[in-house]
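For reference, the structure is listed below as structure tokens.
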Amino acid sequence: IMIHFAAPKKLIKRNAKRVHAVDAFYNTACDALGDLPKPEMLNLGIDKTIQEKLKNELSECTRPIVILSPGGDNDLQRQGRIWVDDYWKELGNQIVEKYNAQILIIGSKTEEDNHNQYSEIKNAKIYSGKLSLKETAALISICDLFISGDSGPLHLADAVGAKTIALMGSTHPMSSSAYSKNGRFIEPTIECKYCGQRKCKMITPPQKFTPCMISIKPQMVLDLIEKSNLL
């Protein structure tokens with residue numbers, strides 16, 4: 001409707017070539033504007049004042065610092081992106097036990113109440129609902145590893161140069177996982193993975209965890225961390 005009333009002289013639709021979303025937007029810009037220089041890495045600027053404040057706040061925490069981004073209510077409109085609550089707890093506790101890590105939990109204000117359950121993770125701090133977008137970016141830039149489903153925070157972590165692990169369910173890693181070389185992903189072990197559907201046909205409310213995400217076990221994440229020397 002907005003486009004109709006704006007009556008632009010030229011309309012450029014998103015490039016349909018099947019590539020990562022970042023490349024798709026870059027290709028679309030080239031379609032509209034001609035050849036454009038392409039940076040090797042996408043770097044999001046960090047507010048150094050905020051970053052130093054958070055470093056001081058975490059100065060007594062043990063290293064490594066691992067951020068878990070469980071997601072929640074914001075992801076229910078597009079199912080197959082959130083991991084099982086108990087899996088997050090198991091993973092967090094095993095990372096603490098094996099690496100003596102500091103666990104940080106991040107999320108939005110609407111996810112704050114649900115994320116309070118992750119206080120069951122030993123050596124965990126809950127930041128969900130307490131940080132602005134700038135503060136979230138600065139916090140992620142400090143961490144040693146970031147773990148998330150396909151989400152906005154995952155791509156924010158990628159843009160500030162963090163090492164990431166993406167837990168991919170209904171969305172395909174070729175288009176939706178972390179873009180940089182610092183990104184790793186784990187895929188489901190069932191055939192219906194990467195269906196691309198907003199609603200999973202295999203679950204009914206109040207179920208929210210899809211079979212594809214359930215098939216990714218905490219041990220798979222731990223194995224990837226060890227195999228790739230991420231911590």
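The values are calculated or read from the model by the stated rules, or taken from the named source; none is laboratory data. Just so we're clear, the structure is a prediction, and the values are computed from it rather than from any experiment. For neighbour counting, all protein chains shown are included, and Cβ atoms are generated from backbone atoms with ideal geometry for every residue, glycine included. For accessibility, only protein heavy atoms count, side chains too; no ligands or nucleic acids. Shrake-Rupley method; radii C 1.70, N 1.55, O 1.52, S 1.80 Å.
For region 45-122, which helices (runs of 4 or more DSSP H) that fit wholly inside it have 2 or more residues that are surrounded by 20 or more Cβ atoms within 10 Å (Cβ to Cβ) and of a type in the set (Val, Ile, Thr)?
none
When you go through Gly92, Gly72 one by one, which is the residue that is over 21 Å from Ala162 (Cα atoms) and among the small types (Gly, Ala, Ser)?
Testing whether each residue is over 21 Å from Ala162 (Cα atoms) and among the small types (Gly, Ala, Ser) leaves just Gly72.
Which ones in region 2-43 are of a type in the set (Val, Ile, Thr) and surrounded by 10 or more Cβ atoms within 10 Å (Cβ to Cβ)? Outline the logic, then answer.
First, the residues of region 2-43 that are of a type in the set (Val, Ile, Thr): 3, 12, 19, 22, 28.
Selection gives Ile12, Val19, Val22, Thr28.
Please list, ordered by residue number, the helices (runs of 4 or more DSSP H) wholly in region 129-180 having 2 or more residues that are in contact (Cβ under 8 Å) with a residue 40 or more places away in the chain and under 21 Å from Asn229 (Cα atoms).
On the way: elements: 133-142, 152-159, 173-176.
Helices (runs of 4 or more DSSP H) meeting the threshold: 133-142, 152-159.
Would you point out the residue of region 190-231, among those that are under 20 Å from the mean Cα position of the chain (by Cα) and among the β-branched types (Val, Ile, Thr), that is most open to solvent (accessible area, probe 1.4 Å)?
Looking at residues that are under 20 Å from the mean Cα position of the chain (by Cα) and among the β-branched types (Val, Ile, Thr), I get Ile214.
On the given criteria, is Tyr127 of a type outside the set (D, E, K, R), surrounded by fewer than 23 Cβ atoms within 10 Å (Cβ to Cβ) and more than 16 Å from the chain's Cα centre (by Cα)? I'd like the intermediate steps shown before the answer.
Details: of a type outside the set (D, E, K, R): yes; surrounded by fewer than 23 Cβ atoms within 10 Å (Cβ to Cβ): yes; more than 16 Å from the chain's Cα centre (by Cα): no.
Judged against the criteria, Tyr127 is not a match.
Is there any pair linking a residue in region 76-105 that is within 11 Å of Phe209 (Cα to Cα) to one that is among the acidic types (Asp, Glu), with Cβ under 6 Å and at least six apart or on different chains, and which?
Close Cβ pairs satisfying both conditions: Arg81/Asp75; Arg81/Asp150; Ile82/Asp75.
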